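These notes are about the structure you will find just below.
The values are calculated or read from the model by the stated rules, or taken from the named source; none is laboratory data. The structure displayed is predicted, hence computed values, not measured ones. Quick reminder, even Gly has a Cβ in these numbers, built from the backbone with ideal geometry, and neighbours come from all protein chains shown.
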Amino acid sequence: MKRSLQLLRPVQQFKDRPICGSCRKELRRAASTQAAAIAEDPSQELESNSSFNLPPPSEQDATRFDPLKSTRYREKKKQALPSSRYQYRSPRFDRGPLAPHRPPPLTDPASRQFVPGPFSQSRLESTYHSTIAADYMAMTYQHRPPGFKPPEKGPRLRAWEGDNPYFANRKLRGPRGGDVLRLLRKPITFRNIPMIERLTVHTYCRDVIRSGSAVLHVAGMVLQEITGQRVITHKSKHPEQGFGLQKGIPIAATVDLKGEAMYHFMDKLVNVVMPRIKDWRGVRATTGDNSGNLTFGFEPDVTGTFPEVENNYDAYPPKMIPGLHITIHTTARADKDARLLLEAFGIPFYGKVVD
Amino acid sequence: MVCLSLRSALASAFGIANRSSTLGVAPQLQHIIQSTRHHRPQDAAAATFSTSSSTFAKKKALIRYHLYHPTTLTPRPLRFSRNRALRHWTIHRAWNLYRMKVKRRRELELERQYNAMAAANEELRVGAGDGGKLFRKAQMKIGTWSIPERGGGVPIEYARGQVEWVGTVAGGVGGPAKIWDHEWKRA
């Protein structure tokens with residue numbers, strides 16, 4: 001800062017110097033004749049006072065010059081110069097657009113969240129885009145004649161009715177039979193065809209209570225092996241007297257899959273693992289959380305048939321191979337839509353059908 | 001979380017040892033690694049997951065270290081030189097553009113199909129001359145959201161074998177698989 005100010009000063013002085021009109025013309029003419037001369041003979045532009053004409057450094061200076069020593073001296077005095085390398089650390093948190101400096105965008109390789117890829121195109125995904133989406137839209141097509149208006153539905157939240165003076169301006173009441181507002185389901189058009197959003201693989205190791213954490217470690221490694229992703233462990237939130245479970249001990253592990261990894265896992269599940277389960281009727285058709293996310297579970301022996309585990313079965317203690325809970329999160333707003341989508345992907349369902 | 005996992009996945013896929021040297025490992029783990037690395041063969045034969053408690057503790061510490069230690073979880077950011085960064089940026093933008101085009105094409109195709117369905121249904125409703133009976137029959141979605149076991153839904157054969165018909169070169173849609181594009185010439 002200081003240096004730039006110093007540099008600025010002579011320029012400022014020169015600019016501020018008053019020049020009369022005739023003098024300015026003089027100067028301009030001189031400049032133009034100079035330019036013409038330079039164009040004729042470019043060597044005129046060179047400065048006459050070259051640094052080559054200066055005398056070389058003295059013997060004494062040459063011997064005294066020791067950059068390594070001076071650096072060490074500066075370091076010793078804690079006045080070290082900044083490194084010549086560019087040492088920028090992106091801030092750990094993005095504090096919004098008003099923050100003075102923000103981490104680089106996620107697509108920048110310098111970002112810590114940068115993920116290279118995708119490196120492959122999943123067959124399941126291309127099947128979805130080429131076939132399933134269009135067929136799904138045709139299957140669920142609901143015709144609406146021009147000018148058709150759907151009948152108005154009642155308000156989802158109820159007003160407070162009664163003589164109580166405190167009911168005035170009170171926040172609206174939730175729906176009957178519970179305060180949960182279900183998702184609204186809209187008719188399916190070309191804009192909202194459901195697709196798989198993410199997939200969660202979860203395992204709960206109850207044996208941790210009885211025999212220590214080894215079970216959870218093995219479960220984590222198995223999960224990592226079959227999904228190709230890092231595992232997150234979860235601690236118990238509540239103590240459970242019946243199980244002898246205390247609060248705060250690591251007891252479960254999950255993996256969240258998205259994008260490429262998700263489709264590959266799903267492909268493996270549908271085409272390799274599920275067909276080989278013996279005496280399996282499929283996923284129960286009533287599964288779901290009412291908002292388009294379906295869950296099903298597998299016994300430990302099914303986990304053992306994942307190709308990664310099966311090929312390296314001896315690497316795992318056989319009694320510690322975990323069972324799995326798999327939740328498929330879809331963009332469908334209702335379970336029946338999600339179920340139809342997963343049927344199209346090849347997951348079999350059985351049993352009673354609700355809604 | 002995804003990036004971390006991807007890194008490990010890549011490392012395992014390409015057979016890159018995560019840490020070949022113990023230089024970056026925490027000092028309290030150095031001796032554990034040393035002891036587990038230079039154990040005698042008879043130990044190796046006897047060592048399973050549940051032997052003596054000390055070996056087990058060491059193994060557990062190692063597993064824990066490689067699974068959860070922040071130094072293994074947080075990858076260093078990649079630093080590119082200017083030209084390489086520019087190259088990356090250009091490719092990234094081109095890839096995004098391509099993806100957007102593909103997405104747009106899919107959307108337009110779906111919209112076209114939807115509009116065609118709407119026109120056909122409208123024709124069926126008004127112009128078929130049967131008072132809209134066929135139309136009403138077509139709109140009865142009986143068993144659509146059911147399951148094959150109950151005579152509705154999507155048959156299980158629908159999803160199988162489809163994959164053999166879509167993995168084409170250059171993002172083609174439908175048609176038999178084209179593994180190699182023999183007509184391709186350098187422009």
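List of remarks:
- In the stretch B:50-82, residue modelled with the highest pLDDT [restricted to those that are hydrophobic (A, V, I, L, M, F, W, C) and over 32 Å from the mean Cα position of the chain (by Cα)]: B:Ala57
- Looking across the stretch A:233-247, just one residue is surrounded by 16 or more Cβ atoms within 10 Å (Cβ to Cβ) and under 22 Å from the mean Cα position of the chain (by Cα), and that is A:Thr233.
- Residue within the stretch B:164-177 that is surrounded by 13 or more Cβ atoms within 10 Å (Cβ to Cβ), at pLDDT 85 or above, at the interface with chain A (Cβ under 9 Å from one of its Cβ atoms) and assigned to a loop (DSSP other than H, G, I, E, B) present: no
- Of the residues B:Arg104, B:Arg136, the single one that is of a type in the set (Lys, Arg) and over 33 Å from the mean Cα position of the chain (by Cα) is B:Arg136.
- Test result for A:Phe65, more than 14 Å from chain B (Cβ to nearest Cβ) and of a type in the set (Phe, Trp, Tyr): yes
Each row is one residue, and each column tells you yes or no for (1) of a type in the set (Lys, Arg); (2) within 14 Å of chain B (Cβ to nearest Cβ).
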{"site": "A:Val218", "(1), (2)": "no, yes"}
{"site": "A:Lys237", "(1), (2)": "yes, no"}
{"site": "A:Gln246", "(1), (2)": "no, no"}
{"site": "A:Lys278", "(1), (2)": "yes, no"}
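One line per residue, one yes/no per condition, for (1) outside any helix (DSSP H, G or I); (2) at the interface with chain A (Cβ under 7 Å from one of its Cβ atoms); (3) modelled with pLDDT under 90:
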{"position": "B:Ala116", "(1), (2), (3)": "no, no, no"}
{"position": "B:Ala119", "(1), (2), (3)": "no, no, no"}
{"position": "B:Leu124", "(1), (2), (3)": "no, no, no"}
{"position": "B:Gly131", "(1), (2), (3)": "yes, no, yes"}
{"position": "B:Phe135", "(1), (2), (3)": "no, no, no"}
{"position": "B:Ser146", "(1), (2), (3)": "yes, yes, no"}
{"position": "B:Gly153", "(1), (2), (3)": "yes, yes, no"}
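- Residue pairs meeting the criteria (Cβ under 6 Å; at least 6 apart or on separate chains; first more than 7 Å from chain B (Cβ to nearest Cβ), in the stretch A:110-121; second at pLDDT 85 or above and surrounded by 16 or more Cβ atoms within 10 Å (Cβ to Cβ)): A:Pro118/A:Glu260
- Test for A:Thr286: is it in a loop (DSSP other than H, G, I, E, B), surrounded by fewer than 19 Cβ atoms within 10 Å (Cβ to Cβ) and in contact (Cβ under 8 Å) with a residue 24 or more places away in the chain: yes
- Among the residues of the stretch A:133-173, those that are free of Cβ contacts under 8 Å to residues at least 24 places away in the same chain, at the interface with chain B (Cβ under 8 Å from one of its Cβ atoms) and not hydrophobic (A, V, I, L, M, F, W, C) comprise A:His143, A:Pro145, A:Pro146.
- Taken over the stretch A:115-146, the criterion of being surrounded by fewer than 18 Cβ atoms within 10 Å (Cβ to Cβ) and of a type in the set (Phe, Trp, Tyr) is satisfied by A:Phe119 alone.
- Some residue of the stretch A:248-265 being within 10 Å of chain B (Cβ to nearest Cβ), at pLDDT below 95, over 26 Å from B:His69 (Cβ atoms) and under 28 Å from the mean Cα position of the chain (by Cα): yes
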